[in-house]
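Peer 1: One structure is given below, represented as structure tokens, and several questions about it will come after.
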């Protein structure tokens, strides 16, 4: 090989190696997501709102305007988002913060693919829709009546909070617990908590309203800080086991009077699961993209797979696996009981096996779900994972469920749990590898 060609190739590989180094660091994710292969703001998306907008543009759908709630009721119906999913946050953590307070909390609604934010007297409805490739995609919809309602995609303003170390460096979802003052302003100097199914209840729901009972387990919901000098000094028992919110604000100004504790717990798990799936998608696509470049530079076969690329698949896949199986989930010591229809409605959705078992079946005594494997394994985001990382997740999931992996990370799963989850998945997932069908547990 001529010397100048070798030097050119060495320099090229050095640049590629540098790119690989930086894309492995979440802190730099906001600088790389607009480059190949992600191109977050440029690539066409196919999330629920993009699909609805196409129907509106074609005249195949209409949104009825409500005199008090604007387009909220019509959106909930069009996207099949249950009213019972409503949770209320009074901390000023939205860009519409001037309209949010303990007397006028922000309402959130969700299903498996979308999150909707409603603010009393707010200028817009807020949306975070899940695209199977690009992750969280943010939109707003003007609350002024229009003949042609249009969802406006938001990027920079939302990504300040929604693409950081809190979201694994990808455009994702965040549920935070804060110390709010009497006006709902978070006292950031006192610290905040990013919450999901691993979080102790005592750190959850600061700045949120919570309806439902949790027994002797206390939380930070329904409370404001009285003394800014000592924000952590409040009585959590006073805000726990609250079943009605009428004493806090006018609940008639919302489509539901609840901020259901079970809905909150499901949403917290779901946001992290979405983030782990998007993180795995991004990492896998970047690994494949850079390996393609290196393979061409080194005249390797196009299907050559390096150890470093394989490690990136396994690293991302392990994060998905742990979240999927509720590793490190906080153990409940008292039953959790919600106040709305959410628990019943949620549990009747999704596929069931011949015994009527669903991954959405609740436990709510020692953990959230009776069969601790995330229902988002049926989601488009999981279905569309790049093949290498999806194959890795299936392989590792099979190892755990058949007892081949009994490490500490999965010790929370009993033999009965593993058997039940394995049986449910065998009947309800059609794309399982052949080994899942052939082997007996």
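Read the figures in this text as sums done on the coordinates, not as results from a lab. In this text the structure is predicted, and so the values were computed from the model without any measurement. Methodologically, a virtual Cβ is constructed for each residue, glycine included, from the backbone with ideal geometry; neighbour enumeration extends over all protein chains shown.
Peer 1: Under Stokes-Einstein, with the Kirkwood radius over Cα pairs standing in for Rh, what whole-number D in µm²/s applies to the chain at 4 °C and 1.567 mPa s?
Peer 2: So the translational diffusion coefficient is about 55 µm²/s.
Peer 1: Per-residue counts of other Cβ atoms within 10 Å, averaged by peptide: what ranking do you get for 221-234, 84-97, 322-335, 273-286, highest first? Please list the in-between numbers first.
Peer 2: Working: 221-234: 16.0, 84-97: 22.7, 322-335: 17.9, 273-286: 24.9.
Descending mean neighbour count gives 273-286, 84-97, 322-335, 221-234.
Peer 1: If you don't mind, another one. Apply the Kirkwood formula to segment 283-441: the hydrodynamic radius equals the inverse of the mean of 1/r over all pairs of different alpha-carbon atoms; give it in Å with one decimal.
Peer 2: Kirkwood hydrodynamic radius for segment 283-441: 17.5 Å.
Peer 1: Rounded to two decimals, what is Rg over Rh for segment 48-262 when you use alpha-carbon atoms and the Kirkwood radius?
Peer 2: 0.97
Peer 1: Next up: Which value in deg cm²/dmol, rounded to the nearest 500, describes the helix-derived mean residue ellipticity at 222 nm for the chain, given -39,500 (n - 2.57) per DSSP H run of n ≥ 4 and division by the residue count? Walk me through the numbers on the way to the answer.
Peer 2: Values: 13 runs with 153 residues, N = 441.
It lands at -10500 deg cm²/dmol.
Peer 1: For the chain, find the longest principal axis of its Cα atoms and tell me its angle to the long axis of helix 307-324, 0 to 90°, nearest 10.
Peer 2: So the helix axis and the longest Cα principal axis differ by about 20 degrees.
Peer 1: Note the angle between two axes, namely the Cα long axis of helix 48-58 and the longest principal axis of the Cα atoms of the chain, as a number of degrees from 0 to 90, rounded to the nearest 10.
Peer 2: 80 degrees
Peer 1: Could you list the residues of segment 289-326 with an amide nitrogen less than 20 Å from a label point located 7 Å from the Cα of residue 36 in the Cα-to-C-beta direction?
Peer 2: Once the point is set 7 Å along Cα→Cβ of residue 36, 289-306, 309 turn out to lie under 20 Å by backbone N, inside segment 289-326.
Peer 1: How do 109, 67 line up, fewest other C-beta atoms within 10 Å first?
Peer 2: Placing the least packed residue first, the sequence is 67, 109.
Peer 1: Could you give the angle, 0 to 90 degrees to the nearest 10, between helix 261-297's Cα long axis and the longest principal axis of the Cα atoms of the chain?
Peer 2: 20 degrees
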